[in-house]
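Peer 1: Sharing a structure with you now.
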Amino acid sequence: MMGGYIEDRFIQPVNKDSYSFLHWSGVDIFVYFSHNFITIPPPGWIRAAQLHGVAVLGTIITEWDEGKQILETIISDPVLLDVFVDKCGDIAEHHGFQGWLLNIENEVNISLVPNLILLVGKLRARMKMITDDCLVIWYDSVTIQGELKWQDELNSLNKPFFDECDGIFLNYCWKLPENSDPPKDSLNNCLETLGSQLDRRTDIFVGVDVFGRGCFGGGGFNCSAALSKIRERNLSCAIFAPGWTYELPHRENRVEIEFMDRENLFWENLEPFLNFQAVNLDLDRMRREEEEVGAGLNLDLDRMRRDEEVGAGLNLDLDRMRRKEEVGAGLNLDLDRMRRKEEVGAGLNLDLDRMRREEEVGAGLNREKMRLVFRSCFSSGRGNQWFHLLSLQPQPSLISTNIQNSAKNSSNTDSSLLSSTTSTPSPISPLPPVFCCYTTHTKTFVGHRSLYIEASEPGLVVPVFLFDLNPQGITLTFLLVLSRVEEKVGGVDLVLGLDTGSPLIVPQLDDATVQELDVELPQINADWKLAGYRLENCLASIEKLGLRPCSTTPLYLGQISIFSSKS
(Lines give C-alpha, C1' and ligand atoms only; values in the text may rest on other atoms or scores of the structure.)
Protein backbone atom coordinates (compact mmCIF):
# COMPACT_ATOMS: atom_id res chain seq x y z
CA MET A 1 0.00 0.00 0.00
CA MET A 2 1.18 3.53 -0.68
CA GLY A 3 3.10 4.80 2.31
CA GLY A 4 3.71 1.28 3.57
CA TYR A 5 1.82 -0.92 6.00
CA ILE A 6 1.59 0.97 9.26
CA GLU A 7 -0.79 -0.76 11.68
CA ASP A 8 0.63 -4.23 11.07
CA ARG A 9 3.80 -3.44 12.99
CA PHE A 10 1.97 -3.65 16.32
CA ILE A 11 1.73 -6.87 18.28
CA GLN A 12 -1.32 -5.64 20.20
CA PRO A 13 -4.64 -4.77 18.51
CA VAL A 14 -5.04 -1.19 17.27
CA ASN A 15 -8.21 0.85 16.77
CA LYS A 16 -7.62 1.33 13.07
CA ASP A 17 -8.23 -0.68 9.95
CA SER A 18 -5.56 -2.01 7.60
CA TYR A 19 -4.96 -4.54 4.84
CA SER A 20 -4.86 -8.26 5.49
CA PHE A 21 -4.34 -11.00 2.93
CA LEU A 22 -6.60 -14.06 2.79
CA HIS A 23 -5.76 -16.01 -0.38
CA TRP A 24 -2.68 -17.74 1.01
CA SER A 25 -3.20 -21.07 -0.74
CA GLY A 26 -2.58 -19.44 -4.13
CA VAL A 27 0.94 -18.15 -3.35
CA ASP A 28 4.24 -19.82 -2.48
CA ILE A 29 6.25 -16.80 -1.30
CA PHE A 30 5.21 -13.58 0.45
CA VAL A 31 7.67 -10.68 0.25
CA TYR A 32 7.30 -7.96 2.86
CA PHE A 33 8.51 -4.90 0.99
CA SER A 34 9.30 -1.35 2.02
CA HIS A 35 11.80 1.32 1.00
CA ASN A 36 13.86 1.00 4.19
CA PHE A 37 17.39 -0.40 3.91
CA ILE A 38 16.51 -3.51 5.93
CA THR A 39 12.85 -4.50 6.21
CA ILE A 40 11.95 -7.20 8.73
CA PRO A 41 8.48 -8.72 8.26
CA PRO A 42 6.27 -8.02 11.31
CA PRO A 43 5.30 -11.00 13.51
CA GLY A 44 1.70 -10.97 12.29
CA TRP A 45 2.69 -11.52 8.66
CA ILE A 46 5.24 -14.18 9.59
CA ARG A 47 2.68 -16.12 11.62
CA ALA A 48 -0.05 -15.76 8.98
CA ALA A 49 2.25 -17.12 6.29
CA GLN A 50 3.47 -19.98 8.47
CA LEU A 51 -0.13 -21.02 9.21
CA HIS A 52 -0.57 -21.58 5.48
CA GLY A 53 2.87 -23.02 4.62
CA VAL A 54 4.03 -19.91 2.73
CA ALA A 55 7.63 -18.67 2.83
CA VAL A 56 8.14 -15.07 4.01
CA LEU A 57 10.98 -12.87 2.77
CA GLY A 58 12.23 -9.58 4.11
CA THR A 59 13.71 -6.91 1.87
CA ILE A 60 17.22 -5.53 1.52
CA ILE A 61 17.10 -2.41 -0.65
CA THR A 62 19.54 0.36 -1.55
CA GLU A 63 18.37 3.42 -3.49
CA TRP A 64 19.64 6.76 -4.71
CA ASP A 65 22.99 8.24 -3.69
CA GLU A 66 22.61 7.28 -0.04
CA GLY A 67 21.92 3.66 -0.96
CA LYS A 68 24.87 3.60 -3.35
CA GLN A 69 27.17 4.78 -0.58
CA ILE A 70 25.88 2.17 1.88
CA LEU A 71 26.16 -0.68 -0.62
CA GLU A 72 29.62 0.20 -1.89
CA THR A 73 30.90 0.59 1.65
CA ILE A 74 29.75 -2.95 2.43
CA ILE A 75 30.97 -4.72 -0.72
CA SER A 76 34.32 -2.90 -0.93
CA ASP A 77 35.45 -4.43 2.39
CA PRO A 78 35.58 -8.28 2.45
CA VAL A 79 35.36 -8.34 6.26
CA LEU A 80 32.38 -5.98 6.33
CA LEU A 81 30.69 -7.96 3.56
CA ASP A 82 30.97 -11.17 5.60
CA VAL A 83 29.68 -9.44 8.73
CA PHE A 84 26.71 -8.01 6.82
CA VAL A 85 25.81 -11.40 5.35
CA ASP A 86 26.08 -13.09 8.72
CA LYS A 87 23.92 -10.49 10.45
CA CYS A 88 21.24 -10.75 7.76
CA GLY A 89 21.16 -14.48 8.39
CA ASP A 90 20.94 -13.91 12.14
CA ILE A 91 18.03 -11.51 11.69
CA ALA A 92 16.06 -13.95 9.56
CA GLU A 93 16.75 -16.86 11.88
CA HIS A 94 15.82 -14.88 14.99
CA HIS A 95 12.52 -13.61 13.58
CA GLY A 96 11.60 -16.86 11.84
CA PHE A 97 11.31 -15.78 8.22
CA GLN A 98 12.80 -17.59 5.26
CA GLY A 99 15.04 -15.21 3.34
CA TRP A 100 15.45 -11.95 1.48
CA LEU A 101 14.51 -10.05 -1.64
CA LEU A 102 17.69 -8.26 -2.69
CA ASN A 103 16.80 -5.02 -4.49
CA ILE A 104 19.71 -2.84 -5.63
CA GLU A 105 18.11 0.26 -7.17
CA ASN A 106 21.19 2.40 -7.67
CA GLU A 107 24.22 2.42 -9.91
CA VAL A 108 27.26 0.47 -8.73
CA ASN A 109 30.90 1.15 -9.55
CA ILE A 110 31.66 -1.44 -12.24
CA SER A 111 34.83 -2.47 -10.43
CA LEU A 112 32.68 -3.56 -7.46
CA VAL A 113 30.15 -5.61 -9.46
CA PRO A 114 32.09 -8.87 -8.87
CA ASN A 115 31.85 -8.17 -5.14
CA LEU A 116 28.10 -7.59 -5.49
CA ILE A 117 27.74 -10.96 -7.20
CA LEU A 118 29.80 -12.44 -4.36
CA LEU A 119 27.41 -10.86 -1.85
CA VAL A 120 24.46 -12.55 -3.53
CA GLY A 121 26.12 -15.97 -3.39
CA LYS A 122 27.30 -15.59 0.19
CA LEU A 123 23.90 -14.41 1.38
CA ARG A 124 22.27 -17.44 -0.20
CA ALA A 125 24.84 -19.78 1.38
CA ARG A 126 24.24 -18.19 4.79
CA MET A 127 20.49 -18.65 4.49
CA LYS A 128 20.88 -22.29 3.47
CA MET A 129 22.75 -22.84 6.75
CA ILE A 130 19.42 -22.20 8.49
CA THR A 131 17.38 -24.53 6.28
CA ASP A 132 17.39 -25.62 2.66
CA ASP A 133 13.97 -23.99 2.28
CA CYS A 134 15.41 -20.50 2.76
CA LEU A 135 15.54 -18.25 -0.30
CA VAL A 136 17.34 -15.26 -1.76
CA ILE A 137 15.58 -13.57 -4.69
CA TRP A 138 17.31 -10.98 -6.89
CA TYR A 139 15.33 -8.05 -8.28
CA ASP A 140 15.93 -7.13 -11.93
CA SER A 141 17.47 -3.67 -11.55
CA VAL A 142 21.22 -3.10 -11.70
CA THR A 143 23.20 -4.93 -14.41
CA ILE A 144 26.66 -6.51 -14.45
CA GLN A 145 27.85 -3.26 -16.02
CA GLY A 146 26.85 -1.42 -12.86
CA GLU A 147 24.01 0.44 -14.58
CA LEU A 148 20.59 0.90 -13.04
CA LYS A 149 18.77 -0.42 -16.07
CA TRP A 150 15.78 -2.71 -15.71
CA GLN A 151 15.89 -5.51 -18.27
CA ASP A 152 12.32 -6.85 -17.95
CA GLU A 153 13.69 -10.26 -18.88
CA LEU A 154 16.45 -12.69 -18.02
CA ASN A 155 19.46 -12.01 -20.23
CA SER A 156 23.24 -11.82 -20.18
CA LEU A 157 23.17 -8.54 -18.22
CA ASN A 158 21.48 -10.01 -15.14
CA LYS A 159 21.96 -13.76 -15.39
CA PRO A 160 25.19 -13.80 -13.30
CA PHE A 161 23.10 -12.60 -10.35
CA PHE A 162 20.43 -15.19 -11.10
CA ASP A 163 23.08 -17.93 -11.12
CA GLU A 164 24.06 -17.08 -7.53
CA CYS A 165 20.58 -17.05 -5.96
CA ASP A 166 17.27 -18.88 -5.88
CA GLY A 167 15.37 -16.76 -8.38
CA ILE A 168 14.93 -13.42 -10.12
CA PHE A 169 12.01 -11.01 -9.79
CA LEU A 170 11.71 -9.39 -13.22
CA ASN A 171 10.58 -5.82 -13.60
CA TYR A 172 7.00 -5.56 -14.87
CA CYS A 173 7.50 -3.66 -18.17
CA TRP A 174 8.17 -6.82 -20.20
CA LYS A 175 6.98 -6.94 -23.80
CA LEU A 176 5.29 -9.33 -26.17
CA PRO A 177 5.15 -8.98 -29.98
CA GLU A 178 1.52 -7.85 -29.83
CA ASN A 179 2.29 -4.85 -27.60
CA SER A 180 5.72 -3.72 -28.81
CA ASP A 181 7.19 -1.95 -31.81
CA PRO A 182 9.57 -3.25 -32.98
CA PRO A 183 8.24 -6.63 -31.82
CA LYS A 184 9.92 -8.06 -28.74
CA ASP A 185 9.22 -11.25 -26.81
CA SER A 186 10.67 -10.80 -23.32
CA LEU A 187 9.29 -14.11 -22.04
CA ASN A 188 10.76 -16.13 -24.88
CA ASN A 189 14.08 -14.35 -24.36
CA CYS A 190 14.08 -15.64 -20.78
CA LEU A 191 13.85 -19.23 -21.99
CA GLU A 192 16.55 -18.72 -24.59
CA THR A 193 18.87 -17.27 -21.94
CA LEU A 194 18.31 -20.31 -19.73
CA GLY A 195 19.50 -22.60 -22.51
CA SER A 196 20.11 -26.00 -20.96
CA GLN A 197 18.92 -24.78 -17.55
CA LEU A 198 15.23 -25.06 -18.38
CA ASP A 199 14.70 -26.86 -15.07
CA ARG A 200 15.08 -23.38 -13.51
CA ARG A 201 12.33 -21.76 -15.55
CA THR A 202 10.08 -21.57 -12.48
CA ASP A 203 12.82 -19.59 -10.70
CA ILE A 204 12.01 -16.70 -13.05
CA PHE A 205 9.31 -14.61 -11.38
CA VAL A 206 7.83 -12.36 -14.06
CA GLY A 207 6.65 -9.12 -12.50
CA VAL A 208 3.02 -7.99 -12.73
CA ASP A 209 2.13 -4.60 -11.24
CA VAL A 210 -1.46 -4.62 -10.01
CA PHE A 211 -1.55 -0.83 -10.47
CA GLY A 212 -0.78 -1.50 -14.14
CA ARG A 213 2.21 0.81 -14.57
CA GLY A 214 3.72 -0.23 -17.91
CA CYS A 215 2.34 -3.71 -17.41
CA PHE A 216 0.89 -6.03 -20.04
CA GLY A 217 -2.90 -6.09 -19.67
CA GLY A 218 -3.07 -2.88 -17.66
CA GLY A 219 -3.18 -4.45 -14.17
CA GLY A 220 -6.19 -4.33 -11.88
CA PHE A 221 -8.86 -6.92 -12.56
CA ASN A 222 -7.15 -7.65 -15.88
CA CYS A 223 -3.95 -9.01 -14.31
CA SER A 224 -5.17 -12.39 -15.50
CA ALA A 225 -4.19 -11.34 -19.06
CA ALA A 226 -0.56 -11.06 -17.97
CA LEU A 227 -0.65 -14.29 -15.95
CA SER A 228 -2.06 -16.24 -18.88
CA LYS A 229 0.95 -15.27 -21.01
CA ILE A 230 3.38 -16.05 -18.21
CA ARG A 231 1.91 -19.47 -17.56
CA GLU A 232 1.95 -20.34 -21.27
CA ARG A 233 5.76 -20.38 -20.91
CA ASN A 234 5.63 -22.23 -17.56
CA LEU A 235 7.30 -19.31 -15.82
CA SER A 236 6.47 -18.09 -12.32
CA CYS A 237 4.82 -14.79 -11.50
CA ALA A 238 5.57 -12.03 -8.98
CA ILE A 239 2.43 -10.03 -8.21
CA PHE A 240 3.47 -6.56 -7.07
CA ALA A 241 1.18 -4.40 -4.86
CA PRO A 242 -1.82 -6.72 -4.33
CA GLY A 243 -2.95 -4.20 -1.68
CA TRP A 244 -4.48 -2.34 -4.64
CA THR A 245 -7.76 -4.05 -3.78
CA TYR A 246 -7.72 -2.26 -0.41
CA GLU A 247 -6.00 1.01 -1.25
CA LEU A 248 -8.45 2.24 -3.88
CA PRO A 249 -11.60 1.92 -1.72
CA HIS A 250 -9.58 3.17 1.26
CA ARG A 251 -8.96 6.46 -0.53
CA GLU A 252 -12.73 6.93 -0.86
CA ASN A 253 -13.65 5.61 2.60
CA ARG A 254 -15.43 2.62 1.05
CA VAL A 255 -13.39 -0.24 2.49
CA GLU A 256 -16.27 -1.92 4.32
CA ILE A 257 -18.45 -1.72 1.22
CA GLU A 258 -16.00 -2.79 -1.47
CA PHE A 259 -12.78 -4.31 -0.16
CA MET A 260 -13.73 -7.96 0.27
CA ASP A 261 -15.66 -8.09 -3.00
CA ARG A 262 -12.69 -6.58 -4.82
CA GLU A 263 -10.21 -8.85 -3.08
CA ASN A 264 -12.15 -12.01 -3.82
CA LEU A 265 -12.84 -11.04 -7.42
CA PHE A 266 -9.20 -10.18 -8.07
CA TRP A 267 -7.94 -13.58 -6.91
CA GLU A 268 -10.77 -15.52 -8.51
CA ASN A 269 -9.77 -14.02 -11.86
CA LEU A 270 -6.24 -15.35 -11.31
CA GLU A 271 -7.33 -18.79 -10.10
CA PRO A 272 -6.93 -20.63 -13.44
CA PHE A 273 -3.25 -19.64 -13.52
CA LEU A 274 -2.29 -20.40 -9.91
CA ASN A 275 -0.85 -23.51 -8.31
CA PHE A 276 -2.68 -24.13 -5.05
CA GLN A 277 -0.91 -25.57 -2.05
CA ALA A 278 -2.26 -27.52 0.89
CA VAL A 279 -2.09 -26.97 4.63
CA ASN A 280 0.44 -29.52 5.90
CA LEU A 281 -0.75 -31.29 9.05
CA ASP A 282 2.28 -33.40 9.96
CA LEU A 283 0.93 -35.67 12.69
CA ASP A 284 4.26 -37.45 13.12
CA ARG A 285 5.98 -34.15 13.89
CA MET A 286 3.19 -33.25 16.30
CA ARG A 287 3.64 -36.59 18.08
CA ARG A 288 7.39 -36.02 18.42
CA GLU A 289 6.80 -32.59 19.88
CA GLU A 290 4.25 -34.04 22.29
CA GLU A 291 6.68 -36.75 23.39
CA GLU A 292 9.20 -34.04 24.22
CA VAL A 293 6.56 -32.28 26.29
CA GLY A 294 5.70 -35.62 27.90
CA ALA A 295 9.33 -36.17 28.81
CA GLY A 296 9.32 -32.76 30.45
CA LEU A 297 6.18 -33.74 32.34
CA ASN A 298 7.94 -36.78 33.81
CA LEU A 299 10.80 -34.58 35.00
CA ASP A 300 8.27 -32.37 36.74
CA LEU A 301 6.80 -35.45 38.40
CA ASP A 302 10.17 -36.31 39.88
CA ARG A 303 10.42 -32.80 41.24
CA MET A 304 6.90 -33.02 42.61
CA ARG A 305 7.75 -36.28 44.43
CA ARG A 306 10.61 -34.55 46.16
CA ASP A 307 8.29 -31.70 47.05
CA GLU A 308 5.77 -34.22 48.47
CA GLU A 309 8.42 -35.62 50.80
CA VAL A 310 9.07 -32.11 52.03
CA GLY A 311 5.34 -31.63 52.45
CA ALA A 312 5.11 -34.81 54.55
CA GLY A 313 7.93 -33.57 56.74
CA LEU A 314 6.14 -30.27 57.08
CA ASN A 315 3.07 -32.04 58.43
CA LEU A 316 5.19 -33.85 61.04
CA ASP A 317 6.65 -30.57 62.15
CA LEU A 318 3.15 -29.15 62.48
CA ASP A 319 2.14 -31.98 64.81
CA ARG A 320 5.17 -31.25 66.92
CA MET A 321 4.37 -27.58 66.91
CA ARG A 322 0.79 -28.24 68.00
CA ARG A 323 2.05 -30.04 71.09
CA LYS A 324 4.03 -26.92 71.95
CA GLU A 325 1.14 -24.55 71.30
CA GLU A 326 0.49 -24.11 75.05
CA VAL A 327 3.80 -22.32 75.64
CA GLY A 328 2.43 -18.90 74.76
CA ALA A 329 1.02 -16.36 72.33
CA GLY A 330 4.40 -15.67 70.77
CA LEU A 331 4.51 -19.22 69.44
CA ASN A 332 0.99 -18.82 68.01
CA LEU A 333 2.33 -16.34 65.45
CA ASP A 334 4.67 -19.01 64.14
CA LEU A 335 1.89 -21.54 64.16
CA ASP A 336 -0.27 -19.30 61.99
CA ARG A 337 2.52 -19.18 59.48
CA MET A 338 3.03 -22.92 59.70
CA ARG A 339 -0.68 -23.59 59.26
CA ARG A 340 -0.62 -21.61 56.04
CA LYS A 341 2.27 -23.78 54.91
CA GLU A 342 0.30 -26.87 55.89
CA GLU A 343 -2.54 -25.77 53.63
CA VAL A 344 -0.07 -25.35 50.83
CA GLY A 345 1.28 -28.79 51.59
CA ALA A 346 -2.20 -30.28 51.42
CA GLY A 347 -2.79 -28.63 48.08
CA LEU A 348 0.54 -29.98 46.94
CA ASN A 349 -0.50 -33.50 47.88
CA LEU A 350 -3.71 -33.15 45.88
CA ASP A 351 -1.72 -32.14 42.82
CA LEU A 352 0.58 -35.08 43.34
CA ASP A 353 -2.37 -37.47 43.38
CA ARG A 354 -3.51 -36.13 40.06
CA MET A 355 0.01 -36.23 38.68
CA ARG A 356 0.48 -39.83 39.83
CA ARG A 357 -2.64 -40.89 38.00
CA GLU A 358 -1.29 -39.28 34.84
CA GLU A 359 2.11 -40.84 35.38
CA GLU A 360 0.69 -44.36 35.77
CA VAL A 361 -0.43 -44.37 32.17
CA GLY A 362 2.85 -42.76 31.14
CA ALA A 363 3.55 -40.35 28.37
CA GLY A 364 1.21 -42.45 26.27
CA LEU A 365 -1.77 -40.97 28.09
CA ASN A 366 -1.51 -37.71 26.23
CA ARG A 367 -1.05 -39.53 22.93
CA GLU A 368 -4.24 -41.49 23.55
CA LYS A 369 -6.29 -38.40 24.30
CA MET A 370 -7.84 -36.36 21.55
CA ARG A 371 -5.30 -33.76 20.53
CA LEU A 372 -6.21 -30.57 18.67
CA VAL A 373 -4.26 -30.50 15.38
CA PHE A 374 -6.18 -27.83 13.44
CA ARG A 375 -8.68 -25.09 14.18
CA SER A 376 -10.03 -22.04 12.40
CA CYS A 377 -12.82 -19.58 12.99
CA PHE A 378 -11.65 -17.75 9.83
CA SER A 379 -10.60 -14.50 11.51
CA SER A 380 -8.94 -12.15 9.00
CA GLY A 381 -7.26 -10.01 11.65
CA ARG A 382 -9.69 -7.19 10.80
CA GLY A 383 -12.79 -6.19 12.72
CA ASN A 384 -15.08 -3.24 13.27
CA GLN A 385 -12.45 -0.51 13.49
CA TRP A 386 -9.77 -2.78 14.90
CA PHE A 387 -6.78 -4.52 13.35
CA HIS A 388 -4.69 -7.33 14.79
CA LEU A 389 -2.87 -9.45 12.25
CA LEU A 390 -1.76 -11.95 14.90
CA SER A 391 -5.45 -12.88 15.24
CA LEU A 392 -5.62 -14.11 11.64
CA GLN A 393 -6.51 -17.79 11.46
CA PRO A 394 -6.25 -20.39 8.67
CA GLN A 395 -8.20 -19.27 5.64
CA PRO A 396 -10.17 -21.46 3.22
CA SER A 397 -8.01 -22.78 0.41
CA LEU A 398 -10.56 -22.47 -2.37
CA ILE A 399 -12.45 -19.21 -2.00
CA SER A 400 -15.22 -18.78 -4.55
CA THR A 401 -17.81 -16.01 -4.69
CA ASN A 402 -18.89 -16.41 -8.32
CA ILE A 403 -18.98 -12.63 -8.74
CA GLN A 404 -19.33 -11.88 -12.43
CA ASN A 405 -19.56 -8.09 -12.56
CA SER A 406 -16.23 -7.01 -11.02
CA ALA A 407 -16.33 -4.32 -8.36
CA LYS A 408 -19.70 -3.05 -9.53
CA ASN A 409 -21.24 -5.81 -7.47
CA SER A 410 -20.44 -4.15 -4.16
CA SER A 411 -23.63 -4.82 -2.22
CA ASN A 412 -21.59 -7.04 0.14
CA THR A 413 -24.65 -9.20 0.82
CA ASP A 414 -24.05 -12.92 0.73
CA SER A 415 -26.85 -14.52 -1.27
CA SER A 416 -26.70 -11.85 -3.99
CA LEU A 417 -23.24 -12.98 -5.05
CA LEU A 418 -24.42 -16.42 -6.09
CA SER A 419 -27.79 -15.34 -7.46
CA SER A 420 -26.09 -13.31 -10.19
CA THR A 421 -24.79 -16.54 -11.74
CA THR A 422 -27.76 -18.83 -11.28
CA SER A 423 -30.15 -17.47 -13.85
CA THR A 424 -32.20 -19.98 -15.83
CA PRO A 425 -29.79 -21.77 -18.21
CA SER A 426 -30.59 -22.12 -21.87
CA PRO A 427 -31.37 -25.65 -23.11
CA ILE A 428 -28.48 -25.39 -25.55
CA SER A 429 -25.70 -24.49 -23.13
CA PRO A 430 -26.65 -25.32 -19.53
CA LEU A 431 -24.62 -23.66 -16.81
CA PRO A 432 -22.50 -25.98 -14.67
CA PRO A 433 -23.31 -26.19 -10.96
CA VAL A 434 -21.79 -23.31 -9.01
CA PHE A 435 -21.13 -22.66 -5.36
CA CYS A 436 -20.05 -19.92 -2.98
CA CYS A 437 -17.40 -20.36 -0.32
CA TYR A 438 -15.90 -17.25 1.23
CA THR A 439 -15.47 -15.51 4.58
CA THR A 440 -17.93 -12.87 5.70
CA HIS A 441 -18.80 -10.74 8.72
CA THR A 442 -22.55 -11.01 8.08
CA LYS A 443 -22.82 -13.70 10.76
CA THR A 444 -19.98 -14.57 13.10
CA PHE A 445 -19.23 -17.13 15.79
CA VAL A 446 -15.94 -15.70 17.07
CA GLY A 447 -13.25 -13.57 15.45
CA HIS A 448 -15.56 -11.31 13.41
CA ARG A 449 -15.72 -13.75 10.48
CA SER A 450 -17.40 -16.96 9.42
CA LEU A 451 -17.41 -19.02 6.23
CA TYR A 452 -20.44 -18.56 3.98
CA ILE A 453 -21.37 -21.65 1.92
CA GLU A 454 -24.05 -21.93 -0.71
CA ALA A 455 -24.58 -24.49 -3.48
CA SER A 456 -26.75 -24.05 -6.57
CA GLU A 457 -28.10 -27.60 -6.29
CA PRO A 458 -28.49 -30.18 -3.49
CA GLY A 459 -25.66 -32.66 -3.00
CA LEU A 460 -22.95 -30.45 -4.52
CA VAL A 461 -19.67 -30.72 -2.59
CA VAL A 462 -18.24 -27.30 -1.76
CA PRO A 463 -14.43 -27.54 -1.32
CA VAL A 464 -13.08 -25.67 1.69
CA PHE A 465 -9.52 -26.73 2.57
CA LEU A 466 -6.64 -28.40 0.80
CA PHE A 467 -4.74 -30.62 3.24
CA ASP A 468 -1.61 -32.73 3.27
CA LEU A 469 -2.60 -35.20 5.97
CA ASN A 470 -1.72 -38.85 6.43
CA PRO A 471 -4.09 -40.34 9.06
CA GLN A 472 -2.80 -43.93 9.08
CA GLY A 473 -3.07 -45.38 12.58
CA ILE A 474 -4.96 -42.27 13.70
CA THR A 475 -8.58 -41.54 14.46
CA LEU A 476 -9.67 -38.07 13.37
CA THR A 477 -12.60 -36.28 14.97
CA PHE A 478 -14.01 -33.20 13.26
CA LEU A 479 -16.11 -30.64 15.13
CA LEU A 480 -18.03 -28.06 13.10
CA VAL A 481 -20.01 -25.10 14.39
CA LEU A 482 -22.74 -24.56 11.80
CA SER A 483 -25.63 -22.20 11.29
CA ARG A 484 -28.34 -22.08 8.66
CA VAL A 485 -29.48 -18.84 7.08
CA GLU A 486 -33.04 -20.16 7.36
CA GLU A 487 -34.67 -23.00 9.26
CA LYS A 488 -32.73 -26.23 9.06
CA VAL A 489 -33.43 -28.18 5.88
CA GLY A 490 -31.61 -31.50 5.64
CA GLY A 491 -28.08 -32.08 6.97
CA VAL A 492 -24.49 -31.39 6.01
CA ASP A 493 -22.07 -34.12 4.96
CA LEU A 494 -18.34 -33.83 5.60
CA VAL A 495 -16.56 -35.11 2.49
CA LEU A 496 -12.83 -35.80 2.19
CA GLY A 497 -10.88 -36.03 -1.04
CA LEU A 498 -8.27 -38.81 -0.87
CA ASP A 499 -5.04 -39.36 -2.78
CA THR A 500 -6.72 -42.38 -4.35
CA GLY A 501 -8.98 -39.99 -6.23
CA SER A 502 -12.10 -41.17 -4.41
CA PRO A 503 -14.30 -39.06 -2.12
CA LEU A 504 -15.01 -40.29 1.38
CA ILE A 505 -18.06 -39.30 3.41
CA VAL A 506 -17.07 -39.12 7.08
CA PRO A 507 -19.61 -40.77 9.44
CA GLN A 508 -21.47 -38.24 11.55
CA LEU A 509 -21.69 -38.61 15.33
CA ASP A 510 -24.98 -38.32 17.17
CA ASP A 511 -25.46 -35.40 19.54
CA ALA A 512 -25.01 -37.51 22.68
CA THR A 513 -21.63 -38.82 21.48
CA VAL A 514 -20.49 -35.30 20.65
CA GLN A 515 -21.31 -34.11 24.15
CA GLU A 516 -19.30 -36.99 25.66
CA LEU A 517 -16.11 -36.20 23.69
CA ASP A 518 -13.05 -35.73 25.89
CA VAL A 519 -12.39 -32.22 24.60
CA GLU A 520 -13.43 -28.73 25.58
CA LEU A 521 -16.49 -28.11 23.45
CA PRO A 522 -17.16 -24.62 22.09
CA GLN A 523 -19.87 -22.63 23.84
CA ILE A 524 -22.70 -22.11 21.39
CA ASN A 525 -26.04 -20.34 21.48
CA ALA A 526 -29.33 -21.08 19.76
CA ASP A 527 -28.08 -19.61 16.48
CA TRP A 528 -25.45 -22.32 16.05
CA LYS A 529 -25.30 -26.10 16.03
CA LEU A 530 -22.36 -28.34 16.91
CA ALA A 531 -21.82 -31.24 14.50
CA GLY A 532 -19.28 -34.02 15.00
CA TYR A 533 -17.75 -36.48 12.53
CA ARG A 534 -15.28 -39.31 13.10
CA LEU A 535 -12.88 -41.02 10.69
CA GLU A 536 -11.22 -44.29 11.69
CA ASN A 537 -8.87 -46.71 9.94
CA CYS A 538 -8.28 -44.56 6.87
CA LEU A 539 -5.30 -45.86 4.89
CA ALA A 540 -5.25 -43.12 2.25
CA SER A 541 -3.89 -39.59 2.57
CA ILE A 542 -6.34 -36.71 2.82
CA GLU A 543 -5.94 -33.99 0.20
CA LYS A 544 -9.16 -32.02 0.41
CA LEU A 545 -11.97 -31.26 2.84
CA GLY A 546 -15.39 -30.10 1.69
CA LEU A 547 -18.98 -29.80 2.83
CA ARG A 548 -21.99 -31.18 1.00
CA PRO A 549 -25.20 -29.38 1.99
CA CYS A 550 -28.24 -31.56 1.48
CA SER A 551 -30.20 -28.55 0.25
CA THR A 552 -29.61 -25.23 -1.49
CA THR A 553 -30.23 -23.36 1.77
CA PRO A 554 -27.10 -21.29 2.55
CA LEU A 555 -25.17 -22.01 5.72
CA TYR A 556 -22.37 -20.52 7.78
CA LEU A 557 -19.40 -22.40 9.19
CA GLY A 558 -18.38 -20.57 12.35
CA GLN A 559 -15.52 -22.84 13.41
CA ILE A 560 -13.86 -26.07 12.39
CA SER A 561 -11.65 -28.14 14.70
CA ILE A 562 -9.79 -31.37 13.95
CA PHE A 563 -8.63 -33.67 16.75
CA SER A 564 -6.43 -36.75 16.47
CA SER A 565 -6.13 -39.81 18.70
CA LYS A 566 -4.56 -43.23 18.31
CA SER A 567 -6.81 -45.78 16.63
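Peer 1: Rounded to the nearest percent, how much of the accessible area of region 1-83 (1.4 Å probe, protein heavy atoms only) is carbon and sulfur?
Peer 2: The C+S portion of the solvent-accessible surface of region 1-83 is 59 percent.
Peer 1: If you don't mind, there's one more thing I want to ask. Given 25 °C and 0.890 mPa s, compute D for region 155-226 with the Stokes-Einstein relation, Rh being the Kirkwood radius over Cα pairs; round to the nearest whole µm²/s.
Peer 2: In µm²/s, the coefficient is 188.
Peer 1: Another one. Short version: ³J(HN,Hα) in whole Hz for each residue of region 551-564, in order, from phi by Karplus 6.51 cos²θ - 1.76 cosθ + 1.60 (θ = phi - 60°), x for Gly and Pro, what are they?
Peer 2: Couplings: 8, 8, 5, x, 9, 10, 9, x, 6, 10, 10, 10, 10, 10 Hz.
Peer 1: Also: Taking 0.36 nm per residue of separation and subtracting the Cα-Cα distance, what length does fully extending LEU460 through LEU517 add?
Peer 2: 17.6 nm
Peer 1: Per the Debye formula with a single identical scatterer at each Cα and no solvent contribution, what log10 I(q)/I(0) holds for region 444-567 at q = 0.09, 0.13, 0.20 Å⁻¹?
Peer 2: Debye intensities relative to I(0), on a log10 scale: -0.25, -0.52, -1.23.
Peer 1: Then there's this: Can you compute the FRET efficiency between ASN36 and LYS443 using 1/(1 + (r/R0)^6), with r the Cβ-Cβ distance and R0 = 30 Å? Round to the nearest 0.05.
Peer 2: 0.15
Peer 1: Here is a follow-up. Which length gain, in nm to one decimal place, applies between ASN384 and ARG285 when the Cα-Cα distance is subtracted from 0.36 nm times their residue separation?
Peer 2: That pair, ASN384 and ARG285, stretches by 31.9 nm at full extension.
Peer 1: Quick one: 3J(HN,Hα) in Hz for region 69-84, Karplus 6.51/-1.76/1.60 with θ = phi - 60°, rounded, Gly and Pro as x.
Peer 2: These are the phi-based 3J(HN,Hα) values: 5, 4, 4, 5, 5, 5, 7, 7, 10, x, 5, 5, 4, 5, 5, 4 Hz.
Peer 1: What FRET efficiency, computed as 1/(1 + (r/R0)^6) with R0 = 30 Å and r the Cβ-Cβ distance, is obtained for LEU198 and SER224, rounded to the nearest 0.05?
Peer 2: Efficiency, rounded to the nearest 0.05: 0.75.
Peer 1: For the residue pair ASN155 and VAL83, what label-to-label distance in nm results when each label sits 7 Å from Cα along the Cα-to-beta-carbon direction?
Peer 2: Modelled inter-label distance: 3.9 nm.
The values are calculated or read from the model by the stated rules, or taken from the named source; none is laboratory data. Bear in mind the structure is a predicted one, so any value in this text is a computation, not a measurement. As a convention, Cβ positions derive from the backbone with ideal geometry for all residues, glycine included, and neighbour counts pool all protein chains shown. Protein only, heavy atoms only, side chains kept; ligands, DNA and RNA dropped before computing areas. Shrake-Rupley method; radii C 1.70, N 1.55, O 1.52, S 1.80 Å.
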